[in-house]
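Colleague: I have a structure I would like to understand better, so I am pasting it below and will then ask my questions one at a time.
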Amino acid sequence: MSLRDRLKETRAKASDGFRGGKLMSSIFRPGSPFRKGYVDSPRNRSYVVMNNVLYHLHPVKVKRHGVRLSYTLCLGGLSFFLFIVLTITGIWLMFYFRPTELAYVDIQNLQTTIAFGSLVRNMHRWGAHLMVLVVFLHMSRVFYHGAYKAPREFNWVIGVILLLLTLLLSFTGYLLPWDQLAIWAVTVGGNMAGYVPVVGAQVKFGLFAGLEATTATLLRFYVLHVLFFPFIIVIFMAVHFWRVRKDGGISGPL
Amino acid sequence: MVDIPEHLLQRSAEARAKALGISVEQAMAEMKGQSDPTIISKEPEVKVIDETPAPAAETPAPAAETPAPAAETPAPAAETVTPVKEEHAAETTEKVAAVKIEEKAPVAKTPPPAKADAPDEVDFAPDVKVTQRLLTVVKAKPIQKPAKEPIDKVNTWPHLMLPEFVALMAMTAFLIFLSAILQAPLLEEANPNVTPNPAKAPWYFLGLQEMLSYWDPQIAGVMIPTVVGLILWMAFPYIDRNPETHPSKRKFAIMFYTFFLAGAGTLTIIGVLFRGPGWNWVYPWIDGIWFDDLLDWIHFE
Ligand code: HEM
């Protein structure tokens, strides 16, 4: 036996010992490919999903046409994934950001003195733009497939709410760098709220926490952006995904 | 045979007696193992079948000529059957023979049609008494009726989860690449006293901002976004009552959305690229781009 074969065998044994050990078996439930003795069988393929937290998202089996990339283009999944990326990068940004007069300086410092600060900020910002775009494309995909028709009418309603929440998240985040771009874009948007019939002035006052965009507005938008809207959108996403499954999985084929 | 109630035994004995043409007492005795079971040989029946056609074949000739001679047939028929029975199934002979005669008689009596119908009326097991009858015909089908045709499905793992994983990795790579080459804008610190000209909203609201320059803000800024953009759009599945999903059968809806996309896209592009100071029309290739958000900060490092 060559040295190489012997090394191979030793490694395989060690790997089996580790994967079959108490630690790994306690983490991964039966059927997981990470456990010892996983073989590719229809039964195990079912277990991978069934004995997994992912079972909350995915059924064990899906329609064959639905897994063709060209059907959904994975747009709904990517909307969700972008939301996850934005949550992770957003939490990271929160370590370096204070929603006060210091906001602008914090962003400057983040970009110049903190490792990967610029990259993470860029990812958060472009990711947000991308999410608006991807959600919009997802909506267009759904429309062109007529996937909003019975029994999926209500999931479309939830979808429109998700689009609205995505825009609101984007819009509230836009103010946070506290630069000229931020304050004036939000001023344009906030002024529009002033045109709401009858209660326009009150709505605008509530939005700005005053008559115009100030640091009070900044704090308000910050709380909405990092806490309130994410909380709400997660709830609606949960219902959205749940309905996709309850409505019989993905629509189609056409 | 220990625990079977007497009345049930009695009933099955009666049935057996009737079927075999024996007495009830005999049947009961047989069932209790006190007497040898009555055996009905199959052979006599075969013989009978073989022989029946013969008289039948003989009969037609006279039968066809005159009804009267046909009446004679029963006698030979009875003759042919009876000996056979005696030979092979002693116990049941008389009874079966009697039946035979009774049955054959009407057939033989039948005038001309008897000839034509003869093949159809051949009784292939004339001696077997039917002891069961047809109550109903139950069609073979599953107890649980599936609501629909089964759908062609595949395992989520790996057929869905792997492509999802690839899409997710590709998106991550794209986002990191974008963030590495495209610096997010950061202008001067916010200053409420200095109004930039033009002041533009984020790109996804620029179509609206563009509409705002045509119409009254109450209409373009409030009514259109909330009533059309939100309420009607949410209600859309309830408005579109056409159940078809194939594009060729919902041309209007497809056209409607495509026009919407084209309109929104045009307004947004105008808002992003073709509007400058004072919201006046500019040409980006002449006057430059008046949009700070996306474009001016490309740097390669
Ligand atoms: C945050 C935003 C959203 C997320 C994360 C999301 C996620 C998803 C996912 C993962 C699916 C599964 C199928 C697929 O990937 O296409 C889906 C389906 C669906 N979504 Fe969304 N979605 C969002 C917004 C929307 C919007 C804006 C609409 C429409 C106005 C919408 C309407 C629907 C409908 C009707 C389905 C069922 C489609 C089918 O069965 O083919 N969603 N969504």
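The values are calculated or read from the model by the stated rules, or taken from the named source; none is laboratory data. In this text the structure is predicted, and so the values were computed from the model without any measurement. In this analysis, Cβ positions are derived from the backbone assuming ideal geometry, glycine residues included, and neighbour counts consider all displayed protein chains.
Colleague: Tally time: how many residues in the stretch A:229-254 are more than 10 Å from the ligand (Cβ to nearest atom) and within 14 Å of chain B (Cβ to nearest Cβ)?
Modeller: Selection size over the stretch A:229-254: 2.
Colleague: While we're looking at this one, here's another question. Counting only residues that are assigned to a helix (DSSP H, G or I) and either within 13 Å of the ligand (Cβ to nearest atom) or among the aliphatic types (A, V, I, L, M) (or both), how many does the stretch A:57-81 have?
Modeller: Looking only at that region, the number is 14.
Colleague: Does the stretch B:170-184 contain any residue that is among the small types (G, A, S) and in contact (Cβ under 8 Å) with a residue 24 or more places away in the chain?
Modeller: Looking through the stretch B:170-184, at least one residue is among the small types (G, A, S) and in contact (Cβ under 8 Å) with a residue 24 or more places away in the chain.
Colleague: Another one. Within the stretch B:191-206, does at least one residue satisfy the condition of being facing another protein chain (nearest Cβ under 7 Å), surrounded by 15 or more Cβ atoms within 10 Å (Cβ to Cβ), closer than 22 Å to B:F256 by Cα and within 55 Å of the chain's Cα centre (by Cα)?
Modeller: Within the stretch B:191-206 (the criterion being facing another protein chain (nearest Cβ under 7 Å), surrounded by 15 or more Cβ atoms within 10 Å (Cβ to Cβ), closer than 22 Å to B:F256 by Cα and within 55 Å of the chain's Cα centre (by Cα)), the answer is yes, since at least one residue qualifies.
Colleague: Then there is this: Can you tell me which of (1) closer than 24 Å to A:V132 by Cβ; (2) assigned to a loop (DSSP other than H, G, I, E, B) is the one B:T226 doesn't meet?
Modeller: The failed condition is (2).
Colleague: In this structure, is A:R11 charged (D, E, K, R), on the phi < 0 side of the Ramachandran plot and not assigned by TED's automatic domain parsing to the domain that holds A:V160?
Modeller: yes
Colleague: Can you tell me which residue among B:V228, B:V222 is at pLDDT below 90, exposed (fewer than 13 other Cβ atoms within 10 Å of the Cβ) and closer than 20 Å to A:L162 by Cα?
Modeller: Residue meeting the stated conditions: B:V228.
Colleague: Kindly indicate whether B:L168 is part of a helix (DSSP H, G or I) and surrounded by 12 or more Cβ atoms within 10 Å (Cβ to Cβ).
Modeller: Taking the combined requirement at face value, the residue satisfies it.
Colleague: To continue, here is another question. Looking only at residues in the stretch A:89-113 that are exposed (fewer than 14 other Cβ atoms within 10 Å of the Cβ) and not in a loop (DSSP other than H, G, I, E, B), which one is nearest to the ligand (Cβ to nearest atom)?
Modeller: The selected residue is A:I91.
Colleague: So how many residues does the stretch A:125-144 have that are in contact (Cβ under 8 Å) with a residue 24 or more places away in the chain, near the ligand (Cβ under 10 Å from one of its atoms) and within 7 Å of chain B (Cβ to nearest Cβ)?
Modeller: 1
Colleague: Collect the residues in the stretch A:64-84 that are among the aliphatic types (A, V, I, L, M) and either away from chain B (no Cβ under 11 Å) or surrounded by fewer than 21 Cβ atoms within 10 Å (Cβ to Cβ) (or both), keeping them in residue-number order.
Modeller: From the stretch A:64-84, those among the aliphatic types (A, V, I, L, M) are A:67, A:69, A:73, A:75, A:78, A:82, A:84; that's our starting set.
Those that are among the aliphatic types (A, V, I, L, M) and either away from chain B (no Cβ under 11 Å) or surrounded by fewer than 21 Cβ atoms within 10 Å (Cβ to Cβ) (or both): A:L69, A:L73, A:L75, A:I84.
Colleague: Restricting to the stretch A:1-22, and then to whatever is loosely packed, with under 10 Cβ neighbours inside 10 Å and either touching a strand residue (DSSP E or B) at 6+ places or on another chain (Cβ under 7 Å) or not acidic (D, E) (or both), can you tell me which residue is nearest to A:L54 (Cα to Cα)?
Modeller: Residue satisfying both the conditions and the ranking: A:K22.
Colleague: Say we look at the stretch A:145-170 and pick out the residues that are facing another protein chain (nearest Cβ under 7 Å) and under 24 Å from B:F174 (Cβ atoms); which of these is surrounded by the fewest Cβ atoms within 10 Å (Cβ to Cβ)?
Modeller: The qualifying residue surrounded by the fewest Cβ atoms within 10 Å (Cβ to Cβ) is A:L167.
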